[in-house]
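Here the structure is laid out as structure tokens; the discussion comes afterwards.
Only the coordinates and a few stated rules stand behind these numbers; no lab work does. The shown structure was predicted, so the numbers you read here are calculated from the model rather than taken from an experiment. Here the Cβ is made from the backbone with ideal geometry for all residues, glycine too, and neighbour counts use every protein chain on show.
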Amino acid sequence: MSQSQLPAAEAPAAAASAIAPALEDFRAFVGGVFPLYHSGEEPLLLTLDSVTALSTATCVDERTPFSLLFRTPEPGTYPAQGTWEVGHPTLGNLFIFLVPLGPDERGMRIEAIFT
């Protein structure tokens, strides 16, 4: 199968004023599906593989820095690095900066860092 990288999307300006999520907001949803919306087509379904605290220090707003690791169902289809609209039935829609890390035997690994 050929590689199919989705083009980067631009987040609306309103997303910048949204309250930043915290590590605890995602922990309960490891293994859950987060649709990534792009170009009005069917969403790309990302699975949340892990939530990892990055340090014991807290950010200015008292949050712990953390990373999210998502996976795509196939290694050949993935979003370009950039800000994407990602949904969840409980968390709602979030605009998250995603970075493709590379494929492994379970799909393409995609990371988001929150500081």
Environment charge at residue 92 (Cβ cut-off 13 Å; Lys +1, Arg +1, Asp -1, Glu -1) = -2
What length, rounded to one decimal in nm, is gained on full extension from residue 24 through to residue 115, with 0.36 nm per residue of separation minus their alpha-carbon distance?
-> 31.4 nm
If amide H atoms are built 1.01 Å from N in the plane of the peptide, which residues on other chains or at least 5 residues away come under 5 Å of the amide H of residue 77?
-> 4
If you stretched the chain out fully between residue 33 and residue 63, how much longer would it get, using 0.36 nm times the residue separation minus the C-alpha to C-alpha distance?
-> 8.4 nm
How big, on average over all directions, is the shadow cast by the Cα convex hull of the stretch 18-114, in nm²?
-> 6.4
Distance in nm between pseudo-label sites at residue 53 and residue 74 (7 Å out along the Cβ direction from Cα) | 3.9
